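These notes concern the structure reproduced below.
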Amino acid sequence: MRQLRLNCVLALAVLLPAVAIGRPGSKESANPDSVSGAPPIRGFSAPHREDENKLEGRYKRAISPEHIREYHRALTAKPHPAGTGADFEVAQYIAGEWRRQGLEDVVIRRYDVLGTKPVSTMLEMITPKAYRASLRESPYEVDPQTKDPAIGSAWLGYSASGEVTAPVVYAHSGNPEDYDLLRKNGIDVKGKIVLVRYSNPYSYRGFKALTAEREGAAAILIYSDPAEDGYQRGAVFPDGPWGPETHIQRGAITYDFLVPGDPLTPGWASLPGAKRIPEGEARSLPHIIALPLSWHDAKPLLENMDGATAPKDWQGGLPITYRLSGAVQAHLKVEMDNTTQPYYVVEARLRGSEFPDEWILLGNHHDAWEYGGVDPSSGGASMLELTRAFGNLLKQGIRPRRTLVFCSWDGEEIGLTGSTEWGEQFADDLRTKLIAYLNVDSSASGPEFHGAAVGSLAPMLLEATDSVDDPGGGSIHKAWLKAAPAERAEERDNRHVSDANLVDTRIGSGSDHTVFLNFLGRPVIALEYEGPYGVYHSMYDDFYWMNHFGDPAYKYHAAISQLWGVTALRLSQADILPFDFQFYGNTIDEFLSELEKNSRFDPSKLDLQAAHSAAIAFAEAAGQVNTLVTQNLAAGNLTPKQLEVVNHQMMQVESNWLNADGIPGRPWFKHLLYSARYTYAHLELPAVTEAVEAGQWERARQQSQILMRAIEANTSLMKQITGELQPGSAFRTASPQAK
Ligand SMILES: [Zn+2]
């Protein structure tokens with residue numbers, strides 16, 4: 001999976017002013033900017049900024065596109081879905097490279113989870129004509145990898161096993177409103193086979209499966225329409241980046257928007273001997289038979305229907321009239337082996353020289369639907385080059401101040417499984433030690449940069465994009481600003497693009513950041529370059545595709561390696577952690593304003609004025625902190641003890657956004673600001689928003705109270721930090737905790 005592309009929030013940036021800063025504890029007071037000419041870096045005193053610039057320069061120069069191509073070649077050598085021997089070989093390869101590169105504590109962690117793999121799949125049309133679906137992708141001479149007999153057929157992770165013969169109904173995207181329209185047309189899908197398409201706007205296929213299950217359908221077929229990712233978009237593989245006639249978007253249909261990870265260990269790790277719940281109690285397991293189809297296999301079903309013509313916006317890219325139902329009966333048989341499989345997470349670190357118990361975690365997943373050219377091996381190749389560069393620095397005696405932890409996850413495609421189990425296993429450590437998680441799933445499928453971060457890290461991410469060159473010219477920051485308006489127009493987001501809203505602070509689910517943000521309350525960042533990409537989760541997403549369309553020179557991969565590493569270095573080397581809680585407070589205020597614009601919001605039932613005031617008070621208190629941080633770094637008069645206390649207090653802020661009880665109905669998701677809709681789309685202030693949308697006003701008022709208490713706890717924390725940073729203040733080490 002990859003993270004769903006999201007609209008960006010409008011939030012007011014209040015960036016730290018450029019000021020003269022001196023070495024902490026020194027008498028230096030001359031303006032260092034006039035000496036170095038280097039711009040300030042958030043969180044760094046002047047002399048440390050000089051060191052940081054040199055370090056980042058050395059790091060960036062070490063990144064080589066040619067090396068990345070070699071790593072990418074190795075990672076995409078074989079199809080390697082989660083739980084297969086080939087997937088374990090990839091894990092071993094990564095562990096071997098990390099040892100060779102000089103990383104420390106390299107270990108492969110095994111989780112025995114409820115896996116999923118196909119035994120046999122079959123689909124045939126019985127009436128009005130006989131047609132046997134191929135459920136296979138066609139090979140092309142120019143790309144020998146497409147001929148590999150190891151490539152699997154069409155299947156969806158955690159489909160139920162079963163056999164059904166029933167009429168086929170076309171249900172457009174398979175969203176609830178689509179079934180409403182069918183009902184209005186007198187069509188009931190109970191006991192039938194629904195045929196839906198991967199839709200634009202995007203909706204997670206697991207939500208389509210859940211919706212079909214709730215509607216009582218016997219089975220669901222999900223196909224790739226050429227209007228979405230095929231010839232209507234442009235040239236198709238092997239002549240272009242879009243999906244050809246037989247490409248199949250595999251994927252899991254796990255209900256991981258309810259609880260991710262191993263379905264049988266919700267909230268704890270799947271270690272040997274761990275308690276497992278019965279499958280019947282597993283909320284994330286689907287109960288419907290499901291198959292993905294190419295348009296090649298969907299077309300005979302669609303064109304042989306003879307019922308009512310489907311509405312205009314249900315018509316797709318095939319040269320036929322799309323109809324709602326009629327005449328077509330199909331016979332579908334799916335046999336799955338959904339039993340225990342081992343998943344392997346590879347872990348390594350560079351132990352911090354000064355603060356070994358403060359961690360920055362960098363991760364990418366290694367399991368792929370087939371070769372995983374973009375998803376996820378582009379990110380894996382960027383990561384192996386990043387670790388090679390860090391390993392070389394260590395060999396030259398350069399060790400980060402804080403610990404860098406590297407993880408290559410498994411089973412991301414199945415249910416964010418490896419990262420979730422690992423996060424649950426090390427929850428206690430992560431809650432207190434993890435400063436931030438930096439996720440790269442796919443790193444490069446084209447030239448358009450996209451960066452996302454929680455509100456507190458958005459300004460530092462933006463600042464880091466100034467320090468890395470975009471392969472198209474200029475800095476990533478400049479290229480991003482230039483490309484963003486077109487991208488937002490495409491997403492029907494007509495807000496003016498500026499530095500204040502360039503970083504996407506709307507974070508849904510669909511990748512490995514989820515456990516860290518939503519379960520553990522740790523700040524996250526996600527990075528990616530994107531472009532035309534119609535072969536997602538098909539066998540055509542491979543080395544050939546990358547070398548002809550996605551990023552043939554591996555320059556965008558390299559830019560991600562550079563930016564990812566620079567971001568990690570800023571977090572690991574900073575004097576004061578580069579959080580901006582004033583920006584975060586303003587972001588929350590925006591979330592509240594947008595909730596008030598929700599069509600279900602009723603101001604006579606829920607008054608958010610007090611919550612607005614709380615968010616603004618938090619932003620103001622945090623503004624004080626920003627000012628004092630700047631002044632103290634300039635004056636250079638903070639003691640190591642003060643720095644330590646302030647940094648630990650800052651690390652507490654994200655934890656305070658957690659509610660131990662979680663979102664009503666989804667207790668695993670504990671974050672009060674961030675969650676995902678069932679479609680994976682971002683969902684801000686999830687508990688209040690879901691109550692509002694359900695018209696449950698008493699619950700909405702209760703949840704807004706919980707939110708306000710968390711905001712107030714963080715305002716108190718800001719005041720405590722202010723106390724620490726004020727001249728002559730006594731230390732206070734206790735931090736308020738949200739309930
Ligand atoms: Zn992925």
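The values are calculated or read from the model by the stated rules, or taken from the named source; none is laboratory data. What you are looking at is a predicted structure, and each value in this text was computed from that prediction instead of being measured. Cβ atoms come from the backbone with ideal geometry, glycine included; neighbour counts cover every protein chain shown. Calculation scope for accessible area: heavy atoms of the full protein, side chains included, ligands and nucleic acids excluded. Shrake-Rupley method; radii C 1.70, N 1.55, O 1.52, S 1.80 Å.
Assorted remarks:
- Pairs, first under 16 Å from Arg109 (Cβ atoms) in the range 84-96, second modelled with pLDDT of 95 or more and polar (S, T, N, Q), C-beta under 6 Å, six or more apart: Ile94/Ser408
- If you check Ser382, Ser408 for being within 16 Å of the ligand (Cβ to nearest atom) and part of a helix (DSSP H, G or I), only one passes: Ser382.
- Matching residues, the range 141-150, being crowded, with 19+ Cβ neighbours inside 10 Å and either touching a helix residue (DSSP H, G or I) at 6+ places or on another chain (Cβ under 7 Å) or not hydroxyl-bearing (Ser, Thr, Tyr) (or both): Gln145
- Taking the criterion of being within 20 Å of Ser134 (Cα to Cα) and outside any strand (DSSP E or B), the residues of the range 211-228 that qualify are Ser224, Asp225, Pro226.
- Qualifying residue in the range 390-405 (condition: within 22 Å of the chain's Cα centre (by Cα) and at pLDDT 95 or above): yes
- Checking the range 28-39 against the condition returns no match, with no residue being modelled with pLDDT under 95, surrounded by 18 or more Cβ atoms within 10 Å (Cβ to Cβ), under 33 Å from the mean Cα position of the chain (by Cα) and over 21 Å from Gly391 (Cα atoms).
- Residue within the range 645-655 that is over 20 Å from Gln702 (Cα atoms) and either without any contact (Cβ under 8 Å) to a residue 12 or more places away in the chain or open to solvent by 50 Å² or more (accessible area, probe 1.4 Å) (or both) present: yes
- Screening the candidates Ser593, Ser613, Ser599 for the property of being within 20 Å of Thr715 (Cβ to Cβ), open to solvent by 10 Å² or more (accessible area, probe 1.4 Å) and more than 26 Å from the chain's Cα centre (by Cα) yields one hit, Ser613.
- Contact map, the range 358-375: residues that are without any contact (Cβ under 8 Å) to a residue 40 or more places away in the chain and within 11 Å of Pro79 (Cβ to Cβ) paired with residues that are within 11 Å of the ligand (Cβ to nearest atom) and open to solvent by less than 10 Å² (accessible area, probe 1.4 Å), Cβ distance under 6 Å, separation 6+ or inter-chain. No pairs are found.
- Set Ala489, Ala500, Ala453: member being without any contact (Cβ under 8 Å) to a residue 24 or more places away in the chain and either open to solvent by less than 20 Å² (accessible area, probe 1.4 Å) or over 19 Å from the mean Cα position of the chain (by Cα) (or both): Ala489
- Identity of the residue in the range 425-445, out of contact with any Lys or Arg (no Cβ under 8 Å at 6 or more places or on another chain) and away from the ligand (no atom under 16 Å from the Cβ), that ends up most open to solvent (accessible area, probe 1.4 Å): Asp428
- Each residue in the range 528-550 was checked for being open to solvent by less than 10 Å² (accessible area, probe 1.4 Å) and either within 23 Å of Glu463 (Cα to Cα) or acidic (Asp, Glu) (or both), and 3 of them qualify.
- Per-region count, the range 123-157, residues farther than 20 Å from Ile220 by Cα and in contact with a Leu (Cβ under 6 Å, 6 or more places away or on another chain): 0
- Residue check for Thr387: more than 16 Å from the ligand (Cβ to nearest atom), β-branched (Val, Ile, Thr) and open to solvent by 10 Å² or more (accessible area, probe 1.4 Å): no
- Ala227 vs. criteria farther than 26 Å from Lys117 by Cβ and touching a residue at least 40 places away in the same chain (Cβ under 8 Å): yes
Yes/no matrix, rows are residues, columns are (1) buried (at least 24 other Cβ atoms within 10 Å of the Cβ); (2) under 22 Å from the mean Cα position of the chain (by Cα); (3) small (Gly, Ala, Ser):
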| residue | (1), (2), (3) |
| --- | --- |
| Ala209 | yes, yes, yes |
| Glu215 | no, no, no |
| Leu221 | yes, no, no |
| Glu228 | no, yes, no |
| Ala252 | yes, yes, yes |
| Gly267 | no, yes, yes |
| His296 | no, no, no |
| Leu302 | no, no, no |
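- Residues of the range 679-689 satisfying the condition of being of a type outside the set (A, V, I, L, M) and either open to solvent by less than 20 Å² (accessible area, probe 1.4 Å) or within 21 Å of Gly423 (Cβ to Cβ) (or both): Tyr680, His682, Pro686, Thr689
- Test: Asp357 is surrounded by fewer than 24 Cβ atoms within 10 Å (Cβ to Cβ), acidic (Asp, Glu), on the phi < 0 side of the Ramachandran plot and in contact with a helix residue (DSSP H, G or I) (Cβ under 9 Å, 6 or more places away or on another chain): yes
- Residues being within 28 Å of Ser509 (Cα to Cα), open to solvent by 10 Å² or more (accessible area, probe 1.4 Å) and modelled with pLDDT of 95 or more are entirely absent from the range 719-726.
- Assessment of the range 322-339 against the conditions (among the acidic types (Asp, Glu) and touching a Phe, Trp or Tyr at 6+ places or on another chain (Cβ under 8 Å)) yields no matching residue.
- Strands (runs of 3 or more DSSP E) fully within the range 281-372 counting 1 or more residues that are within 16 Å of the ligand (Cβ to nearest atom), modelled with pLDDT of 95 or more and hydroxyl-bearing (Ser, Thr, Tyr): 340-350
- Tally of residues being in a helix (DSSP H, G or I) and touching a helix residue (DSSP H, G or I) at 6+ places or on another chain (Cβ under 8 Å) across the range 387-402: 7
- Identity of the residue in the range 566-580, among the hydrophobic types (A, V, I, L, M, F, W, C) and not in a loop (DSSP other than H, G, I, E, B), that ends up nearest to Ser467 (Cα to Cα): Val566
- Flag for Arg666 being touching a residue at least 12 places away in the same chain (Cβ under 8 Å) and surrounded by fewer than 19 Cβ atoms within 10 Å (Cβ to Cβ): no
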